[in-house]
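Below: one structure, written as structure tokens.
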DNA sequence: TCAAAAGTGTTGCAAATACACCCATGT
DNA sequence: ACATGGGTGTATTTGCAACACTTTTGA
């Protein structure tokens, strides 16, 4: 049974429900998470994950999407529920149960728009060197990173972290940045191509060296496939 | 941020937080889930997962353990958070966000004690043939079964479904019941033994046929190991 | 002596790994 | 010409799957 009447007067459970979102991207070969500095509240000035209360008539997924900084522009962030944190004392102001989400975003620039948001500032921080975080958000990020690493191995979710077209080298760098270990170029290449997830674009990207063929994902929907 | 003040008067978010638990066991070669029939409420008489409101000073994990029928005797149920369901309309009485848990139990008898509980009746039902369930509990069970199947493959969690000592045949039957497919006896045996998770007890269990060696798990703590 | 489950060993295939060489480009 | 990353191929190992036979008990 999922019990409890709705009305505030009748309900003996004054818990508030919130969402917190750990949005990740990879920039400069480093896995980064989006942090925000709160203007007010018990942790004013601290870095924390973006988040906030769930509206009365709002689903959890909708709330997570809405709480993203510069939300409008960020409609194509991949979001997935992670875990729900409900220790009684996790928020000094009272009982707050927080549903944590993982977000994945390709283009880091899109999100940094400071906006006349509720946050004093917003920044992409490398997950390997995080500042002290408010609430239990350090634990949230740890869990989120673990989930991300695991899920890249058996899904095609990398597509959420890449632009439309990319080279195999870029794809490999991405995996290496997130998994934190080097991969054999030739084996990676064969593996990925054998999955038939990519479509060769025919075009080529020039650079300082030999131009690399461009690829795109055949499907940009979440699927489970054994990648590594 | 996980915001929101605690007080009921100040909070515009009258959401109640509940837990629902899908407890599984295997009996007679069939994966079964524990269902309860509510005495009252909008779904009185319907089958549903056991569950209920989270107390004010109670963690989610504690709430899940407490909501188990015949709770006292069931202290050694393995519990793990599954997913949080928060569609605004999922409870007809008002907004209830429900944190779903998966439970695993070895001894089916332990739990069936009807008890002067809040439930009219309690029963182990095969997951393959479930009655209509209250709320969104059909979806909860579906997700829970998927999680259970997946997790048996890369953890040692089977130990939660077995008594202290067991034969390799029993272990295999358990896997077959949950995965829903037959496994090669010899390969299964070799695989499992090579993991070094089991300790041979020396003793033997007699039966109508050739007696089988008894084993026990070296460690009864959750670990991740690639089982299949 | 028969049925039914326990226990053991081998073999072939397929996938993962490790590794070496040539190619195309900008500087 | 050379440094740098792109592209292709091959040998070896390792793990998985398929499979056949012997053993021990109760009935």
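The values are calculated or read from the model by the stated rules, or taken from the named source; none is laboratory data. Given the structure is predicted, the values throughout are model-derived calculations rather than measurements. Here Cβ is always computed from backbone atoms with ideal geometry, including for glycine, and neighbour counts include all displayed protein chains.
Below are the figures for this structure:
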{"quantity": "Checklist (1) within 16 Å of DNA strand D (Cβ to nearest atom); (2) within 14 Å of chain A (Cβ to nearest Cβ); (3) at pLDDT 95 or above applied to residue B:140, failing item", "calculated": "(1)"}
{"quantity": "Residues of the range A:181-212 classified as touching a helix residue (DSSP H, G or I) at 6+ places or on another chain (Cβ under 8 Å) and not in a helix (DSSP H, G or I), total", "calculated": "4"}
{"quantity": "Residues that are more than 7 Å from chain A (Cβ to nearest Cβ) and surrounded by fewer than 22 Cβ atoms within 10 Å (Cβ to Cβ), drawn from the range B:91-103", "calculated": "B:92"}
{"quantity": "Which numbered condition residue A:130 misses (of (1) away from DNA strand D (no atom under 16 Å from the Cβ); (2) at pLDDT 95 or above; (3) assigned to a helix (DSSP H, G or I); (4) away from chain B (no Cβ under 13 Å))", "calculated": "(3)"}
{"quantity": "Residue in the range B:125-150 that is surrounded by the fewest Cβ atoms within 10 Å (Cβ to Cβ), counting only those that are over 16 Å from residue B:227 (Cα atoms) and in contact with a helix residue (DSSP H, G or I) (Cβ under 9 Å, 6 or more places away or on another chain)", "calculated": "B:132"}
{"quantity": "Residue satisfying all of: in the range A:203-228; away from chain B (no Cβ under 14 Å), touching a residue at least 12 places away in the same chain (Cβ under 8 Å) and within 13 Å of DNA strand D (Cβ to nearest atom); surrounded by the fewest Cβ atoms within 10 Å (Cβ to Cβ) among these", "calculated": "A:203"}
{"quantity": "Residue identified as modelled with pLDDT under 90 and surrounded by fewer than 17 Cβ atoms within 10 Å (Cβ to Cβ) among A:4, A:113, A:38", "calculated": "A:113"}
{"quantity": "Residue list for the range A:159-175, restricted to those being without any contact (Cβ under 8 Å) to a residue 60 or more places away in the chain and part of a helix (DSSP H, G or I)", "calculated": "A:168, A:169, A:170, A:171, A:172, A:175"}
{"quantity": "Subset of the range A:19-40 (residues that are within 11 Å of the chain's Cα centre (by Cα) and facing chain B (nearest Cβ under 7 Å))", "calculated": "A:20"}
{"quantity": "Search result, residues across the range B:41-78 that are more than 9 Å from every other protein chain (Cβ to nearest Cβ), modelled with pLDDT of 90 or more, surrounded by 19 or more Cβ atoms within 10 Å (Cβ to Cβ) and in a loop (DSSP other than H, G, I, E, B)", "calculated": "B:77"}
{"quantity": "Count - residues of the range B:151-192 that are away from DNA strand D (no atom under 16 Å from the Cβ) and under 26 Å from residue A:224 (Cβ atoms)", "calculated": "8"}
{"quantity": "Residue list for the range A:176-202, filter: near DNA strand C (Cβ under 9 Å from one of its atoms) and exposed (fewer than 13 other Cβ atoms within 10 Å of the Cβ)", "calculated": "A:184, A:185, A:186, A:187, A:190, A:194"}
